[in-house]
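Shown next, in structure tokens, is the structure this report addresses.
Here, each number is a calculation from the coordinates, and none is a lab measurement. Everything numeric in this text was worked out from a predicted model, so none of it was measured. Heads up, the Cβs are rebuilt from the backbone with ideal geometry, glycines too, and the neighbour counts pull from every protein chain shown.
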Amino acid sequence: MLGTLIPLFDNNMEVKAYSIFAQKNNTFLNPNMLGTAWLDGVGNVLGLDIVESMGVSTLANDKLVFIEINNVSIFTDLNSQYSGAHDKLVLLVDPAVAPTDMYVNRLKELREDGYHLAIRKLAVKQFEEYRPILALMDYILLDHKKIDISKAKIYFSKVYPNAQLVAVNVNSQEDYDMLTSDGAYKLYEGGFFRIPVVKEGNEVSPMKVTYVELLNLVNDPDFDLDKAADIIGHDTALVISLLGMVNRMTVNSGISTVRHAAAMLGQKELKRWINTAVTRELCSDKPSEITRLSLIRARFAENLAAEFDMAQASSELFLMGLFSVLDVMLDKTMAEALEMVKVTKDISAVLLNDSGKFAPVYDLMIAYENANWQEVSRQLILVGIDDSKVYDAYTDSLRWFRDLFYGEEESK
């Protein structure tokens, strides 16, 4: 099985929900899945499997989760597949769920059972025909490139005033800014938040320069612990985070100085902590999803190392994922950003030109993140990796991120 999370943002660039996109089989290895065989086991909703096995808090930190259901699985006993709170889920259908009594009545039952409802891929010419379906929807997903939102805003506000409009395929900051200024949409889905910076010459704030210096120091093969501790000591947020973490790790140790904490961790663990903690601070003026994206990519790439026979390079692959949005963090082009941060030639090659020995890992990481399952399936065949290995690598990344950030809050 394959599955990934796609964020949905509000007008303030805050993530309000995640969509789970999943695929059961590798369609290259199982071409019959493109035919009638897709009906095998169709009553089992893959998204619910993922939520049930991992929990909403691990997947989305208790935000709403959109789950795809089709015109067959809509009639299954969803409650037997999911034991969590129904109001945390949004069941996402498409036009295959037709405006007939059979489907309308089932949707009403699901609403009464506490689930939210959403529909996507509905063409403008189908709006009137699908009135009985649209009247039950909490969210209506629209491709903003195929609709005149000024007209749609009037139509939906009059006919379906309780439904929230969601813009999909928002793939540039310009599109997001334009759509948010109109106010018709409530949520936005697309890659606009992670588009690389192409403008050269932006100044980096002094604080970020300090963070970059710290990254450069600890990513040297044999860095000085005391020097790293002294740089950390100039940033209150890093000091509090470091001392809090080490004191939790060493109960009753009473560690009170940064140098003592650094010595307790040692080079390897201090390097890992600094890379993750500094990334968080570099993203502090960015959408929170950039931090999440960077760290999940880092862990995901590290987890894939052994599958690509690169176990010895797992630390480099971690940095590759971590720095894959360095241009966004520093408001620089990637070329300028990498000039500031010392990385190996292999990391530089893949982040600048998608070339070199790390390129296969990077390409799979990006295709998986975007739920491009056909491309993921093709790459897995070329490398000889089983679907389950990649799925496990990704879900481990989600758990790791949850423990890294939200685990800290829960332990306080």
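Here are some notes:
- Long-range HN-HN contacts of Leu117 with modeled amide H, under 5 Å: Leu91, Asp138, Tyr139
- In units of the rule-of-thumb radius 2.2 N^0.38 Å, segment 147-227 shows an alpha carbon radius of gyration of 1.85.
- Nearby lysines by direct alpha-carbon distance to Lys158 (threshold 23 angstrom, same-chain neighbours under 8 apart not counted): Lys108, Lys121, Lys125, Lys145, Lys146, Lys186
- For segment 294-359: rounded, prolate or oblate by the Cα gyration tensor [a/c cutoff 1.5]: prolate
- Coordinate range of the alpha-carbon atoms in segment 206-410 per principal axis, descending: 52, 37, 32 Å.
- Electrostatic tally near Thr210: other residues with Cβ closer than 12 Å to its Cβ, Lys and Arg +1, Asp and Glu -1, net -3.
- Shape analysis of segment 317-412 places it in the oblate category; the axes a ≥ b ≥ c from the Cα gyration tensor give an a/c of at least 1.5, with a/b not above b/c.
- In terms of its C-alpha gyration tensor, segment 241-327 comes out oblate, because a/c is 1.5 or above while a/b does not outweigh b/c.
- With 5 Å bins beginning at zero, the pair-distance distribution over Cα atoms of segment 2-194 amounts to 1, 7, 16, 19, 19, 18, 12, 6, 2, 0 %.
- For segment 73-92 versus segment 151-191, the gap between their alpha-carbon centres in whole angstrom: 26 Å
- For segment 69-84, backbone phi angles converted through the Karplus equation (6.51, -1.76, 1.60; θ = phi - 60°) give residue-by-residue couplings of 10, 10, 6, 9, 5, 4, 9, 6, 7, 5, 5, 6, 9, 9, 9, x Hz, Gly and Pro being listed as x.
- Rounded to whole numbers, the Karplus 3J(HN,Hα) couplings from phi for segment 335-342 are 4, 5, 4, 6, 5, 7, 10, 6 Hz, using 6.51 cos²θ - 1.76 cosθ + 1.60 with θ = phi - 60°, and x at Gly and Pro.
- Rg to Rh quotient for the chain, alpha carbon positions, Kirkwood Rh: 1.00
- For the chain, with +1 on Lys and Arg beta carbons and -1 on Asp and Glu, the positive-most of Ser19, Phe300, Ile231 along the dipole: Ser19
- Segment 2-194, relative contact order in percent, only Cα pairs under 8 angstrom and at least six apart counted: 17 percent
- Per residue, the average separation of C-alpha pairs within less than 8 Å and at least 6 apart gives segment 125-170 a relative contact order of 51 percent.
- Dividing the summed helix terms, -39500 (n - 2.57) for each DSSP H run of n ≥ 4, by the number of residues in the chain produces a 222 nm estimate of -15000 deg cm²/dmol to the nearest 500.
- Hits among lysines - C-alpha to C-alpha of Lys227 under 20 Å, sequence gap 8 or more where chains match: Lys208, Lys268, Lys271, Lys342
- Once the Cα atoms are used to define both axes, helix 288-304 deviates from the longest principal axis of the chain by about 80 degrees.
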